[in-house]
Amino acid sequence: MSHEPGMGAPGAQGTGDLSGEPERPAPPRPPLSDHTPAPIKEILTLPPAVKRVRFLWILSFASGLIAGIFAFFARDAIVEHVRGLIDGLERGDDQETVEALAIVVFWGTLGMLALVILIEAVLLLVLLRRHGKVRFVLLAMLFVQGVVTLVADAFLAAPGDQEFGIRVLLVLQLALAGAAVVASVLHGASQWFRAENQTRGRPAT
């Protein structure tokens, strides 16, 4: 049996029924229920006691950097001072060797001072992320800094206009670092480092 023109086989033209009603679009699919929001980065709010620790460390770094800057601009006098110290050892080296050794001592001492500041700055950043055990690493670094301070004072604090300023800045750097370590183990800061519940959703100030 043939079909009339304009009429197709049942089901051949979409999903419309035989009554001639237009095809209705499919309803939107519901959203998946297992979608989770993006994680919110935790921001710690520093209490005043920890802010004091941070401030003391920053002052310590600043003192060491200023001492290094003073030493850099007074490098000619310092190298001459170190040359005299080497000559006083009666090594019997020629002047070119003594000059080279003096320059190595100057830059080596300045490099040790900068390296101590860099290591302590990195440890401070880790400490402020609430890793309280870093305080004991900073305590060990304090003894290292004491040795570097003695070496720097012996070589960089050359007699002259810059001697007193460099010496005071080196001692001040060590004293501020010691005060920062002590402040980090006092009750206010220590309690924050040991707290289990961390502050969430509030910007650090």
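Values in this text are rule-based calculations from the coordinates and carry no lab data. Computed from a prediction, not measured in an experiment: that's the story for all the values here. Methodologically, a virtual Cβ is constructed for each residue, glycine included, from the backbone with ideal geometry; neighbour enumeration extends over all protein chains shown.
Structure summary
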| item | result |
| --- | --- |
| Per-q log10 I(q)/I(0), the stretch 46-205, q = 0.08, 0.15, 0.20 Å⁻¹ (Debye; single scatterer per alpha-carbon; no solvent) | -0.31, -0.79, -1.14 |
| 5 angstrom amide H check on Thr45, placed H, neighbours 5+ away | Thr199 |
| Value of D in µm² per second that Stokes-Einstein yields for the stretch 47-116, Kirkwood Rh from Cα pairs, at 25 °C (0.890 mPa s) | 175 µm²/s |
| Cleavage-rule hits (GluC sites (Glu not before Pro)) in the stretch 63-169: DSSP loop, at most 14 neighbouring Cβ within 10 angstrom | Glu90 |
| Phi-based couplings in Hz for the stretch 103-113 (Karplus 6.51, -1.76, 1.60; Gly and Pro marked x) | 5, 5, 5, 4, 5, x, 5, 5, x, 4, 4 |
